[in-house]
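In what follows, a single structure is set out as structure tokens and then discussed.
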């Protein structure tokens with residue numbers, strides 16, 4: 001798995017070593033569990049599907065979804081802690097004018113400014 005998690009591009013040797021290790025693992029795994037132990041993930045590793053993606057894309061780390069999952073978690077917290085989830089609104093306010101997504105959009109905008117590096121320019125000191 002260390003090979004798969006590399007942030008740099010895979011070499012041909014990395015890919016060959018990875019598939020050889022997966023083949024050895026698969027033989028031992030099937031000997032222990034039989035065919036019932038073969039999940040979709042085990043199949044993808046042993047059949048060479050992952051090897052194919054490694055050869056085509058040269059790095060699978062860039063397709064990791066962990067960053068998006070982290071953002072999703074952050075926005076859920078904003079939604080549940082900083083909005084009324086579309087609930088209570090003043091008697092002078094029209095129901096169609098509620099802005100319970102405004103907090104989420106502001107948080108999203110701040111995050112994108114920091115990720116892109118644009119926000120840092122506002123904090124640079126010019127002499």
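The values are calculated or read from the model by the stated rules, or taken from the named source; none is laboratory data. Everything numeric in this text was worked out from a predicted model, so none of it was measured. A quick note on method: Cβ atoms are made from the backbone with ideal geometry, for glycine too, and the neighbour counts reach across all protein chains shown.
All of (1) under 20 Å from residue 68 (Cα atoms); (2) at pLDDT 75 or above hold for residue 120 with one exception: (1).
With respect to the conditions (1) surrounded by 15 or more Cβ atoms within 10 Å (Cβ to Cβ); (2) in a helix (DSSP H, G or I); (3) free of Cβ contacts under 8 Å to residues at least 24 places away in the same chain, residue 3 lacks only one, and its number is (2).
Where residues in the range 111-123 are assigned to a helix (DSSP H, G or I) and surrounded by fewer than 12 Cβ atoms within 10 Å (Cβ to Cβ), which of them is nearest to the chain's Cα centre (by Cα)?
Filtering the range 111-123 for residues that are assigned to a helix (DSSP H, G or I) and surrounded by fewer than 12 Cβ atoms within 10 Å (Cβ to Cβ), the one nearest to the chain's Cα centre (by Cα) comes out as 115.
Looking for whichever is touching a helix residue (DSSP H, G or I) at 6+ places or on another chain (Cβ under 7 Å), surrounded by fewer than 14 Cβ atoms within 10 Å (Cβ to Cβ) and at pLDDT 90 or above here; the options are 55, 32. Which one fits?
Details: 32 fails: touching a helix residue (DSSP H, G or I) at 6+ places or on another chain (Cβ under 7 Å).
Of the residues listed, the single one that is touching a helix residue (DSSP H, G or I) at 6+ places or on another chain (Cβ under 7 Å), surrounded by fewer than 14 Cβ atoms within 10 Å (Cβ to Cβ) and at pLDDT 90 or above is 55.
Inspect the range 21-31 for any residue being under 15 Å from residue 60 (Cβ atoms) and not in a loop (DSSP other than H, G, I, E, B) and give the result as yes or no. Among the residues of the range 21-31, at least one is under 15 Å from residue 60 (Cβ atoms) and not in a loop (DSSP other than H, G, I, E, B), which makes the answer yes.
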